[in-house]
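Worksheet: the structure to be examined is printed underneath.
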Amino acid sequence: MTSLSTQLLVLGGGATGLGIAWDACLRGLKVVLVEQGDIGQGTSGRYHGLLHSGGRYVVSDPASARDCAAENLVLRRLARHTIEDTGGFFAAAPGDPPDFAERWREGCLHAGVPATEISVAEACRREPLLNTQLQRVFAVQDASLDSFDLLHALVEAIRSAGGEVRLRHRVTGIVRESDRIRGATLQPPDGTQPVTIHAEMVVNATGPWARQTAALAGVDIPMALGKGTMVAMATRVVNTIVNRLKPPADGDIIVPVGTVAVLGTTDVPVEDPTDLRIQPWEIDLLLAEAERLIPGIADRRPLRAWAGVRPLFRPTQTAGETRQMPRAHLILDHAASDGLPGMISVIGGKLTTFRLMAEQTVDQVCRALHVESACRTKDVPLDPPRRARYYALPDRLRHLEHVRPRSLPPEVICECESVTREQIVRALASADTAELDDIRRDLRVGMGPCQAGFCAYRTAALAESRAGADLGWLESFLEERWRGTRPLAWGTQLRQMELTRRLYVELMAMRHEPEAS
Amino acid sequence: MSQPALSADLCLKCNICTAACPVAAATDLFPGPKAVGPQAQRYRHPSLPLPDLSVGWCSGCGTCSRVCPHGVAVAEINIQAKARLARETGIPLRDQVISRPDLLGRFGTPLAPLANLALSAMPVRWLMERIIKIHRHAPMPAFRTRTFRSLRRAELLSKPDPDVGTGVIRVAYFHGCGTNYYEPELGGMALDVLQRLGCEVVVPPQGCCGLPLQSNGLFDAARAYAARNIRSLSAFARANYHIVGTSTSCVLSLKHDYRTILGIQSEEADLLAENAYDFFEFLALYLDDRLEALPLRQVEARALYHPPCQLKAHGVGTPALAVLQRIPGLTVDLSDSECCGVAGTYGLKAEKYAVARTVGSGLFDQAADGRYDFLISDSETCRWWMAGHARLPVLHPLEVLVRALG
Amino acid sequence: MTPVLVVGAGLTGLFAAALAGRRGARVTLLTEGRGGLEISHGCIDVLASPLSSVELARLPATHPYQLAGVERIHHALDLFREIVAEQHLEYRGSADSTLSLPTAAGHTRSTMLAPLAQSAGALGSQEPFHLAALDHFRDFAADYAAARLRRSGMPVDGVVRLPMPNLPLNRDLYSTDLARLFDQPAWRSETLRAWRPRLAGVRRLGLPAVLGLAHSESARLKAEEHLGIRLFEIPTLPPSVPGLRLERALRHAAFAAGVRLIEGAHAVGLVEATYPGSVSGVVSQTAGGPRPYRADAVILATGGLLHGGLLARARGTVQESVFDLPVAHTSERDDWTADSPFATQPYASFGVRVGGGFRPVDMQARPLFDNLFAAGGLLAGCDRSREGSRQGIDLVSAACAVEEALR
């Protein structure tokens, strides 16, 4: 058992945890962050990409709306390279409650969410596939945010500022000594020695696992887990975010992110943070609701479905729909709530307000540690990641066409998403890479229409020479890609899956489970 | 989003189109139809400049759409992207000129002997290449002193006659610029053969089909030309005339490009499309029995038939081949090549000529086999290009049929 | 001359058309695009084990092989070899044994007939070989394949890195690009000259299948001569060069048999029947409107779910795309696929049921039309990927359908 000490130990590498670690580093605290998986494997990497204008909450949760509106502007400044300014619409489809629009518009005024009504004709001019029978449309400052880009930028910012980020470290216990939390025990990957990290303060930012983590300390946090499913359509059917102008419900947003359009989302109570099963009715519902905004979309090609689990604080023991619970975040200092100093849990919130949550949390941390320090995250923009990762729609292709030197061929490995050999080799060299899916998250390899049909093989070829690589990585990657397309196995996507089978089962004769290495 | 752009959804990335593309096989400057088509389409944003220039190498031959098993309108996506590229980078004077064969014809015809002399003089061609970038070796047809329309005034008809129900098959002949200015005899043969087969044949008011404008990215001008043709020809279609043409590329425009690439949606456009026929397609559909009844004379010859890309794009196969195979004494071999290379105006351009020449090299090698008396092809631009490179006469299959009919 | 219409120009349709043409029928072959051959390994997978009545008896009674019977299976394979041999494409192998070939991912696959260039790499002899890693060619993972082959005990002596001088560099190259370069004598010589020094100690070399497209036999022989070693090919990611060579040979065979090919034809329905219980032909939807093609017999070779013979809808229905024939399938969409791509897939068995005469039949096993036949991937009954029977079913059902149609 190895051990080390630090000032602040952050459990959880989602937007919340990373935001807290970054904020703390900038304030001069010594920080270690641990994450059980790879960057973006948790809820933050499974979201729909919407940088809220706040419009969604103006009627149901005005405080959240206000926070979103403010943080929207802050993030545009600080994380410019992760955001595409698509703008957003709130649109009432035929049959939606007509009186909602006025309540909504007033709500926007009161919450400070800029909203301008535009004519339906104008909206359809900007977005030719929109339903021409819409009742009313308002333009808002929604933007599309690539959470993988954001998370990676935060990791690099933390490391540059002297903080430590350890991936694939699972929390096995919380160290509790004489009614004080003193740190945590962790299991690193590959069966290496368990680690104990002693810290003056532990922040539990483990998202849907927050309750389980707190239980390791002997305290309970009442939480409700709401699983939401999302579907990516193969192409950007719209270039503006489109929200449904009615009280928040399932399937009421369409977000263009990168090369796809994401339809979201549902809200299914689950018990287990790893319960990400997708039911056919969810897919059907998402397509049917999107059809109200974009006629014909249900006949187009859905590419992939995935789910994320929302961690929500449920203060009373009433059962009920998780959608109506306030999305506001909760910062729980266990010293106050459970008489157990040394740990603060952060529950809930939205990715849009992660920086604010982090600021408030670190304020509390500093108070508890008697450290005088002001938050600096509003003033320190995040650098674009040092590794070349293109988020903006045409940048990757432009680079290949115009910028690259001509002494070598482009060596594009994933053609759908324009990912080059050089990028993949660099990602393979990183210690953070433990399987091909990590590269997929990092660079978008295999996230295009063919769902790694071609690039899985090519990427496995590059991975072969890398120390610690497993020949079975190819099978695992293909299995993972297959799982996310199964809920959409009809029409064109079923054809794509069959093509993948022809290649790997017939041509490559891969017919069995990956062998143990 | 246009219809073709929406079909990008259907692409499975299988590379069948890439394998079949004649341009990708000829040059590494072209990444292939899949890459610049459905793949790049996901990267094209309506209000940002196009990220890719390489789509400019696409020749528009249409092979990719034809071989795609999943319904992706690859060629149409590429042609629309090329037009956008042309608008963004600017359309050179050369393209403005070569995309208007009707104007070239109108000016060239009165000056025919002089114009032809100039165009056959190497110093003039060399200068043309330097100034206007039309390759000095690009074969160019000779102007004629009289247009087809002026030679067949008797059949010109400005408005359709009402159908009195005699059961006679009525044909309105679409000649195209090629026939009108460069190959008037071909038009004459078309009228004569159709009349001999018992049809009532007229020549309606018509203009250039607009395909060269479309191929060079001048969509607005192309749409204007299309509108005029649709107005005039749909009136004839409504009066039960079949619109028949000997230029297979012009007819493809009427049938397909107007609606699918130029995006013209109207009842008249539909009426025209549904009543437009390639010449031999029309013979096979309506006149096969009558043609069979006519005696065919011996034509002792060995010929190589190259069906143009634009003919194959009609989706009706190669109807002329069946007729050619009936001609006694004539041995017809089928070309192995997808495309002769010229693709309309593509091969004329100085910067594209070498690629176009390579595209056609398989065909020219096959022709150079030495055993052929002539070549056969249904499109005039293909014929002129093939004649220039294979150094053999190249005939429209109608010309061969006429020889056999005597 | 009996007019016969074949719909679909994959392996099934091309073979059926060529056979019918050689038997004197007047054949029209309609197809929408090009398909399965261009993504396949170019081999003829019949069954994972040698063919025998015992093996066949293990298959369900409705399996196309059972409907055909062992004799007709042998006959179809013989016809296939004969037809492609006439086009200078030689296939090795026989029905009483299978060939074990290395794959581009280092696994081994079992096939019955393989083109000469691939059969030369058969693993039965246990003779050691090297694999070639071609510079700048992303579609062949030589190191990966070698590592995996070695792990399963195959005699891989090593991987040689082969330079590719004089390679066009403006874009990444596919197998077809390299194959076309290998067709060119000058380029080939220069490249082989650069390879020679790297091949000391190599006696047998496995390369990705890129040794020529139009002139592949001579390209490979010349290469062997030049290098003084034995070469074999391993098919890799599409576009498949061995598949294209086979397609080309079959197309030429079809043309030689007088088949009229119509590409870009989208078959959408029935020409009105002349009498109940028969079909008169097929309508093709073109840009210029519907075009009828009439025939005395129609053979549907439109493929399965991948190439449009069957259409799987979101609401759980599966439709046959030309005549809307009944399709054997399950209606619970969630049940169509298995958890893993490597497992047997329920959807792979969906298709049109046929009787012994290879006519589509109704629930009571009665033929729906007396002159409509179905063959190839369109047929119901098995997961060809798992069974290793794809091309075998294509060829056998095509031959049987033609036999029945011309009876």
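The values are calculated or read from the model by the stated rules, or taken from the named source; none is laboratory data. Because the structure is a prediction, the values reported are computed rather than measured. We place every Cβ from the backbone using ideal geometry, glycine too, and count neighbours over all the protein chains shown.
Structure notes:
- Contacts under 6 angstrom Cβ, first residue in region C:307-334 being at negative phi and more than 8 Å from chain A (Cβ to nearest Cβ), partner assigned to a helix (DSSP H, G or I) and surrounded by 20 or more Cβ atoms within 10 Å (Cβ to Cβ), 6 or more apart: C:G309/C:L378
- The number of residues in region A:147-199 being part of a strand (DSSP E or B), touching a Ser or Thr at 6+ places or on another chain (Cβ under 7 Å) and among the aliphatic types (A, V, I, L, M) comes to 6.
- Only one entry of A:A489, A:A460 meets the criterion of being at the interface with chain C (Cβ under 9 Å from one of its Cβ atoms), farther than 22 Å from C:Q345 by Cα and either crowded, with 24+ Cβ neighbours inside 10 Å or in contact with a Phe, Trp or Tyr (Cβ under 9 Å, 6 or more places away or on another chain) (or both), and that entry is A:A460.
- Applying the criterion of at least 3 residues that are outside the structural domain of C:T111 (by TED's automatic domain parsing) and surrounded by fewer than 18 Cβ atoms within 10 Å (Cβ to Cβ) to the strands (runs of 3 or more DSSP E) found wholly in region C:232-321 leaves C:289-294.
- Flag for A:A261 being buried (at least 24 other Cβ atoms within 10 Å of the Cβ) and not assigned by TED's automatic domain parsing to the domain that holds A:W22: yes
- Against the test of being assigned to a loop (DSSP other than H, G, I, E, B) and over 23 Å from B:E338 (Cα atoms), the options B:R136, B:R130 yield a single qualifying residue, B:R136.
- Condition check for A:T16: surrounded by fewer than 24 Cβ atoms within 10 Å (Cβ to Cβ) and touching a strand residue (DSSP E or B) at 6+ places or on another chain (Cβ under 6 Å): no
- Filtering C:A146, C:A133, C:A117, C:A141 for residues that are closer than 25 Å to C:H74 by Cβ, assigned by TED's automatic domain parsing to the domain that holds C:H215 and of a type in the set (A, V, I, L, M, F, W, C) leaves a single hit, C:A117.
- Meets criteria (more than 14 Å from chain B (Cβ to nearest Cβ) and either farther than 26 Å from C:R359 by Cα or touching a Lys or Arg at 6+ places or on another chain (Cβ under 6 Å) (or both)) for C:R58: no
- Out of C:P102, C:P64, sole residue that is within 14 Å of chain A (Cβ to nearest Cβ) and either at pLDDT 95 or above or closer than 26 Å to C:P155 by Cα (or both): C:P102
- Being outside any loop (DSSP other than H, G, I, E, B), surrounded by 22 or more Cβ atoms within 10 Å (Cβ to Cβ) and touching a Ser or Thr at 6+ places or on another chain (Cβ under 8 Å) is not true of B:A81.
- Beta carbons closer than 8 Å, at least 6 apart along the sequence or on distinct chains, pair a first residue in region B:259-277 that is assigned by TED's automatic domain parsing to the domain that holds B:R170 with a second that is buried (at least 22 other Cβ atoms within 10 Å of the Cβ) and of a type in the set (D, E) for B:T260/B:E76; B:I261/B:E76.
- Which numbered condition A:D284 misses (of (1) part of a strand (DSSP E or B); (2) more than 21 Å from the chain's Cα centre (by Cα)): (1)
- Matching helices (runs of 4 or more DSSP H) fully within region C:115-231 where at least 1 residues are within 14 Å of another protein chain (Cβ to nearest Cβ) and within 30 Å of B:V36 (Cα to Cα): C:142-151, C:175-182, C:185-195
- Matching residues, region B:5-21, being more than 7 Å from chain C (Cβ to nearest Cβ) and outside any helix (DSSP H, G or I): B:C11, B:L12, B:K13, B:C21
- Residues that are facing chain C (nearest Cβ under 7 Å) and of a type in the set (V, I, T), drawn from region B:304-320: B:V316
- A:T235 passes every criterion in (1) farther than 20 Å from A:T43 by Cα; (2) not in a loop (DSSP other than H, G, I, E, B) apart from (2).
- B:P38 being at the interface with chain C (Cβ under 10 Å from one of its Cβ atoms), buried (at least 23 other Cβ atoms within 10 Å of the Cβ) and more than 19 Å from the chain's Cα centre (by Cα): no
- Any chance A:D470 is surrounded by fewer than 24 Cβ atoms within 10 Å (Cβ to Cβ) and either assigned by TED's automatic domain parsing to the domain that holds A:A232 or not hydrophobic (A, V, I, L, M, F, W, C) (or both): yes
- Checklist (1) over 30 Å from C:G35 (Cα atoms); (2) within 14 Å of another protein chain (Cβ to nearest Cβ); (3) in contact with a Phe, Trp or Tyr (Cβ under 8 Å, 6 or more places away or on another chain); (4) not β-branched (V, I, T) applied to B:L50, failing item: (3)
Quick grid of which residues meet (1) touching an Asp or Glu at 6+ places or on another chain (Cβ under 9 Å); (2) β-branched (V, I, T):
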site: B:A320; (1), (2): yes, no
site: B:R326; (1), (2): yes, no
site: B:S335; (1), (2): no, no
site: B:G341; (1), (2): no, no
site: B:K352; (1), (2): no, no
site: B:L375; (1), (2): no, no
site: B:T381; (1), (2): no, yes
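- Of the numbered criteria (1) away from chain C (no Cβ under 11 Å); (2) among the small types (G, A, S); (3) within 19 Å of the chain's Cα centre (by Cα); (4) within 22 Å of B:V400 (Cβ to Cβ), the one B:G344 fails is (4).
- Scanning region B:259-274 for residues that are more than 10 Å from chain C (Cβ to nearest Cβ) and closer than 19 Å to C:R291 by Cβ yields a single hit, B:L271.
- Of the residues making up region C:32-47, at least one is more than 14 Å from chain B (Cβ to nearest Cβ) and at pLDDT below 95.
- Within region A:463-486, the set of residues being facing chain C (nearest Cβ under 9 Å) and either among the charged types (D, E, K, R) or more than 21 Å from A:R277 (Cα to Cα) (or both) comprises A:A463, A:E464, A:S465, A:L471, A:L474, A:E475, A:E479, A:R481, A:R483, A:R486.
- Taken together, B:V244, B:V251 contain a single residue that is under 17 Å from B:P397 (Cα atoms), of a type in the set (A, V, I, L, M) and in contact with a Gly (Cβ under 8 Å, 6 or more places away or on another chain), which is B:V251.
- Sole residue being charged (D, E, K, R), surrounded by 18 or more Cβ atoms within 10 Å (Cβ to Cβ), farther than 29 Å from A:C25 by Cα and within 14 Å of chain C (Cβ to nearest Cβ), chosen from A:E415, A:E422: A:E415
- Which listed residue is among the hydrophobic types (A, V, I, L, M, F, W, C), within 12 Å of chain C (Cβ to nearest Cβ), out of contact with any Phe, Trp or Tyr (no Cβ under 6 Å at 6 or more places or on another chain) and under 28 Å from A:G453 (Cα atoms), from B:A24, B:A73: B:A73
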